[in-house]
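See below for the structure under consideration.
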Amino acid sequence: MKPRVAILISGRGSNMEALVKAAQARDYPAEVVLVLSNKSEAMGLEIARKLGIEAIAVPARPFGKDREAHERAIDAQLRARNVQIVCLAGYMRLLTPWLVQRWTGRMLNIHPSLLPNFPGLDTHARAIAAGEAEHGCTVHLVTGGMDEGPVLGQARVPVLPGDTEAALAARVLAQEHRLYPAILAELSRKISLPAS
Ligand code: GAR
């Protein structure tokens, strides 16, 4: 049985789209069963539906400041579909320790930098400003802190003379779309091995 995967997004969803398309190949070792957004207007929800994937919003607003209550609602949707792996793909909300602990070892994130360099926002502009010769993206297991946790894989790109933030972001994004499906496949193969 292939592990059942949910993808959490907040916006455009291009990494989600790359994961869904990769998983639609017969021999891909995981199945995407749900796309979930904290924003009902996220463009990625429509893209997922067009690809034939169930896509729902669980907005935070009804839960006010109670972040854990919001995450309990998300978690209930995941459990209801027997999800085994959660991929954060541009999910732009900090998670509480409650959700992180519930999914330890089974929750991945993609971040647009070579972690531990440049956690947080505006990674491309910061890499250019710092004069980096190389930049890239990282897929890691999610732990308590923001954009940290064991690194599962990285892809590198050069920073070219005269690079704009947009040019560098596009170069990195193309690598994100290759790296994330590859790493999810690796983890899925490990998880579906029979216990010895
Ligand atoms: C991606 O570049 C992803 O690496 C980044 O948000 C973008 C989402 O784009 N994630 C983070 O910055 C997490 N800290 P997408 O919605 O088109 O996949």
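The values are calculated or read from the model by the stated rules, or taken from the named source; none is laboratory data. Just so it is clear, the structure is predicted and the values come from calculations on it, not from any experiment. Neighbour counts are summed over all protein chains in view; Cβ atoms, including those assigned to glycine, are modelled from backbone coordinates with ideal geometry. Surface areas here come from the heavy atoms of the whole protein model, side chains and all, with no ligands, DNA or RNA. Shrake-Rupley method; radii C 1.70, N 1.55, O 1.52, S 1.80 Å.
So the values come out like this:
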{"item": "Selection count where residues are more than 16 Å from L152 (Cα to Cα) and open to solvent by 60 Å² or more (accessible area, probe 1.4 Å), scope region 78-109", "result": "10"}
{"item": "Among the residues listed as A125, A89, the single one being hydrophobic (A, V, I, L, M, F, W, C), out of contact with any Lys or Arg (no Cβ under 6 Å at 6 or more places or on another chain) and more than 21 Å from E71 (Cβ to Cβ)", "result": "A125"}
{"item": "Pairs, first among the polar types (S, T, N, Q) in region 89-112, second assigned to a helix (DSSP H, G or I), C-beta under 7 Å, six or more apart", "result": "T96/R67; T96/E68; T96/E71"}
{"item": "Tally, over region 6-52, of residues that are among the aliphatic types (A, V, I, L, M), buried (at least 20 other Cβ atoms within 10 Å of the Cβ) and in a loop (DSSP other than H, G, I, E, B)", "result": "2"}
{"item": "Any hit, region 29-48, residues being away from the ligand (no atom under 16 Å from the Cβ) and out of contact with any strand residue (DSSP E or B) (no Cβ under 9 Å at 6 or more places or on another chain)", "result": "yes"}
{"item": "Checklist (1) surrounded by 18 or more Cβ atoms within 10 Å (Cβ to Cβ); (2) under 22 Å from V86 (Cα atoms) applied to H135, failing item", "result": "(2)"}
{"item": "Selection status of A155, among the small types (G, A, S), more than 20 Å from P116 (Cα to Cα) and not in a loop (DSSP other than H, G, I, E, B)", "result": "no"}
{"item": "Evaluation of A57 against (1) open to solvent by 50 Å² or more (accessible area, probe 1.4 Å); (2) more than 18 Å from L184 (Cβ to Cβ); (3) not charged (D, E, K, R) (one fails), failing number", "result": "(1)"}
{"item": "Subset of region 115-125 that is open to solvent by 10 Å² or more (accessible area, probe 1.4 Å) and within 12 Å of the ligand (Cβ to nearest atom) - its residue that is nearest to A167 (Cα to Cα)", "result": "H124"}
{"item": "Test: residue in region 158-175 that is surrounded by fewer than 17 Cβ atoms within 10 Å (Cβ to Cβ) and basic (K, R)", "result": "no"}
{"item": "Tabulated pairs, region 159-184, first of a type in the set (V, I, T), second open to solvent by less than 30 Å² (accessible area, probe 1.4 Å), C-beta under 6 angstrom, 6+ apart or interchain", "result": "V159/H135; V172/C137; V172/V157; I183/V139; I183/G153"}
{"item": "Criterion violated by F63 - all others in (1) open to solvent by less than 80 Å² (accessible area, probe 1.4 Å); (2) within 30 Å of K190 (Cα to Cα) satisfied", "result": "(2)"}
